[in-house]
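Read the structure below first, then the notes.
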Amino acid sequence: MKVSKIDNQLVVSIPFELAKKLGISEGSFVKVYELKPGTIAIEVVKEKERISFTLGEQDMPILKKLLSFKFEQRIPENVDKQLTVGEKKVLAELMKKRFVTIYKDAKYPKGVYNVPNYVYRQYLDQTRPKKVEPVGVKGAVKEVREAKEISKEAAKEEIRSLTPVEKLERFGYVIAENESDAKHLSDQLASNVRKKDIVGIRGFDRKYYIVKNSFARKYAPKIKSVLRTGSKSADKIADEIGVDRQGTAAILTIMNEEGELIEKRKGTFALAD
C-alpha cells in the first residue's frame with residue numbers, strides 16, 4: 001500500500017476487498033496503534049463508539065452555512081470565499097476531526113465539502129427545537145412527521161456522500177450521467193474480480209446504466225409478471241415491484257437491450273413477442 005499526501009495529511013490506500021471485509025468506507029473512523037517499531041495495527045471504530053459526541057456551539061453556524069449549499073455547490077474554493085477568518089478556523093478543526101470531509105470523484109474532481117451522516121444526524125438533533133412533550137394528538141403527529149423528515153434528510157445526505165462503487169454495492173445499480181463518469185467507474189471496477197457480474201448499457205437518454213446481475217435477476221421476473229396484463233409505464237412498474245424510479249429504469253434499460261422487453265412508446269414497456 002502506498003502512502004500519499006492529501007490535504008496536508010498522509011493517507012494510506014486500503015485495497016477495496018480488504019476495506020469491504022473490515023467494514024470500512026469513506027468517512028469511516030479507525031484507530032492506529034504501534035505494536036512494535038515498524039509494525040502498526042488498525043482497529044475499526046464502530047458507529048456506536050464514534051457518535052457519542054456533542055458538537056460545540058461554535059460548530060453549528062459553519063455546519064448550517066455548509067448545509068445551506070446544495071451538495072454540488074460545496075466546492076471549497078467557492079464556499080471558502082463566503083467564510084470569515086473565524087469560520088475558516090472552525091472548519092479546519094471540523095476537518096481535522098473528520099466531522100467534515102472532502103468528497104471527490106469524476107463528477108467533482110475539485111472535491112466538495114461533505115458532512116458525514118452521523119455528524120449530520122447529531123447536527124439535526126442539536127438544532128431541532130426541544131419540546132418537553134407534544135400537546136395532544138396533533139402535537140404527537142407533528143413530532144412523528146418531523147422525525148420522519150429528519151430521517152429522510154439524513155438518508156439523502158448519506159447517499160450523496162457515497163462513491164459510485166459504494167452505490168453499486170449498496171443498491172445494486174448506479175447511473176453515470178455521461179461517458180466520462182462511466183469510464184471513471186469502469187476504471188474503478190477494473191481491479192474488482194466481480195466485474196464480470198456487472199452489466200452496463202448506454203440508454204437512449206445517453207446515460208450509462210450499470211447494474212449488478214444479482215439485482216437484475218431478482219427483479220426481472222417481477223417486471224415480466226407485472227407486464228403479463230399489458231404494457232405499463234416505467235413509474236407504474238416501479239410502484240408495483242417496489243423499486244425506486246432510477247433502479248427500475250436501470251433494469252428496464254437492460255431488459256430492453258437484451259430483447260426481453262420492447263418500449264412501445266417513450267417510458268411505456270411491454271413484453272417482447
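The values are calculated or read from the model by the stated rules, or taken from the named source; none is laboratory data. Since the structure is predicted, the reported quantities are computational estimates derived from the model, not experimental observations. Cβ atoms come from the backbone with ideal geometry, glycine included; neighbour counts cover every protein chain shown.
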- request: Identify the residue in region 101-120 that is among the hydrophobic types (A, V, I, L, M, F, W, C) and not in a loop (DSSP other than H, G, I, E, B) and, among all such residues, is farthest from Val174 (Cα to Cα).
  value: Val119
Residue count for region 211-265, restricted to those that are more than 29 Å from the chain's Cα centre (by Cα), surrounded by fewer than 13 Cβ atoms within 10 Å (Cβ to Cβ) and either part of a loop (DSSP other than H, G, I, E, B) or not assigned by TED's automatic domain parsing to the domain that holds Ser186 (or both): 4
query: If we scan region 51-59, do we find a residue that is at pLDDT 70 or above, loosely packed, with under 12 Cβ neighbours inside 10 Å and over 30 Å from Gly86 (Cα atoms)?
result: no
query: Out of Ile24, Ile14, Ile42, which single residue is at pLDDT 70 or above, loosely packed, with under 14 Cβ neighbours inside 10 Å and not in a helix (DSSP H, G or I)?
result: Ile42
